1. Quick one: Cα centre-to-centre distance for segment 121-199 and segment 278-325, in angstrom?
2. Only Cα pairs under 8 Å and at least 6 apart count here; give the relative contact order of segment 162-223 as a rounded whole percent.
3. Taking 24 Å as the cut-off for C-alpha to C-alpha distance, list the pairs among Lys60/Lys223; Lys206/Lys313; Lys91/Lys116; Lys60/Lys91; Lys60/Lys98; Lys312/Lys370 that go past it.
4. What fraction of the DSSP beta bridges in segment 34-292 is antiparallel, stated in percent and rounded to the nearest 5?
5. When the chain is modelled as a GNM with alpha-carbon springs shorter than 10 Å, which of Asp109, Asp323, Asp79 fluctuates the most?
6. Which whole-number percent gives the relative contact order of segment 371-422, counting Cα pairs below 8 Å spaced six or more residues apart?
7. Would you mind calculating the relative contact order of the chain from Cα pairs under 8 angstrom and at least 6 residues apart, reporting the percent as a whole number?
8. Show me the ranking of peptides 273-285, 25-37, 61-73 by mean Cβ neighbours inside 10 Å, starting with the highest.
Amino acid sequence: MNYITYKENALTCEDIPLKELAEEYGTPLYVYSKNQITENYRSLRGALGETNHLVCYALKANANHSILKLLAAEGAGADVVSVGELHLALKAGFTQDKIVFAGVGKREDEIEYALKQNIFSFNVESVAELHTISRAALRMGKKTRIALRINPDIDAQSHPYITTGLQSTKFGIEASKAFEVFQYAASLSSLELVGIHTHIGSQITKVEPFVATANYVVGLIEKLRSAGINLTHIDFGGGFGVPYAGVVSHEALPQGEEADMSVPSPAEFLAAVLPILQSADCSIWIEPGRSIIANAGVLITRVISVKENSTKKFVIIDSGMNDLLRPSLYQAYHQIVPLSIDTYEQEKVDIVGPICESSDFFAHDRMLAKTNAGDYLAVLTTGAYGFVLSSNYNGRPRPAEILVNRDRVRIIRPRQTLEDLV
Ligand SMILES: Cc1ncc(COP(=O)(O)O)c(C=O)c1O
């Protein structure tokens, strides 16, 4: 079910018309649907069914304290990539035995902090990191669980900047060395080798790369078993893609922006890989971020002015790449719609922010309902990799964040003030 939809002519989040929130709390404003988040999380769990599993939410997607608390209370685990994220996870109530520490460059002090917290395991990225973790564990008189992150050299067929399973990327231990590194890791007395970790990329919209990865993982586990190395955990990473086009519909919106039905649901992704992974008889952990939080969030912005030259019309809004970096960073597409439908007239425009960079755009040559200064727009599917990537660039305070639960509204992060910039 979608919790951000048009009711008559008003875009709403659960029971609240978003225009009311824009008028009360100002713009730019991130708004999240609580029930969408819990439904997304529960449907992933449902898809894993009776399999011995854990869903470790990837904090990097959205680390708002209230959202983390919500997921921790649901029983989720946490995938963290820094001491900062580990701190956030613990503060929000994720239990240590459900936290995995991934990340391509873990500092020694971060490893020590995580060891002190007795987290479930480290996803190890290299032989050098094996040594660092092993040394720290010995120093501290601890034995810690580890999984090795293997780079299977499989193309996730996503944007190059979020493709992480190719040999040309910095991530993991290369597949051709995997067997010998597993043997070496198994020989280190301060480490308990429990698993294999893969994460081949983000916003993956086809099942084939996941299926290829699952087959690779199961093959390697079998080979290791015949050599006497018995893994008990598969951490299959995150990466399930979500639709960004045609997310909401209304007869006044530009036609031609059809819902992207080709993106499988997380349940469909899991249905394709689970039978393969289950054959390894391991506990299956996943680390989804985007598929839990992306469609639960919307960025509300207000039109400052509309400006035309002889070739283009620009809708200049009060939110930019400092609030939402994805279009500038990955040329990412987000559906952009009015908060209230007041006209059926449409025009082709560039939707651009106030930042002094030409890369500060949300859409180029996009059909949009005819818009005037003062109108409100919603940038959809911005719950993941939205606020977390925001900055104070150009002296702009970060937006507020709001959580909606049916007809209840809560500020879960106040808007920064000018004093916060100092
Ligand atoms: C190691 C790891 N796990 C999980 C994720 C979450 O991915 P997604 O948000 O696509 O589910 C990422 C993000 O790229 C990651 O790097």
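What follows draws every value from the coordinates through simple rules; no lab data is involved. As the structure is a prediction and not an experimental result, all values here were calculated from the model. Every residue, glycine as well, gets a Cβ built from its backbone with ideal geometry; the counts of neighbours run over all protein chains shown.
1. Result: 31 Å between the Cα centres.
2. Normalised by residue count, the contact order of segment 162-223 is 40 percent.
3. In this structure, Lys60/Lys223; Lys206/Lys313 exceed 24 Å between Cα atoms.
4. Of the beta bridges lying entirely in segment 34-292, close to 5 percent run antiparallel.
5. Asp109
6. Computed value for segment 371-422: 26 percent relative contact order.
7. 20 percent
8. Put in order of decreasing packing, that is 25-37, 61-73, 273-285.
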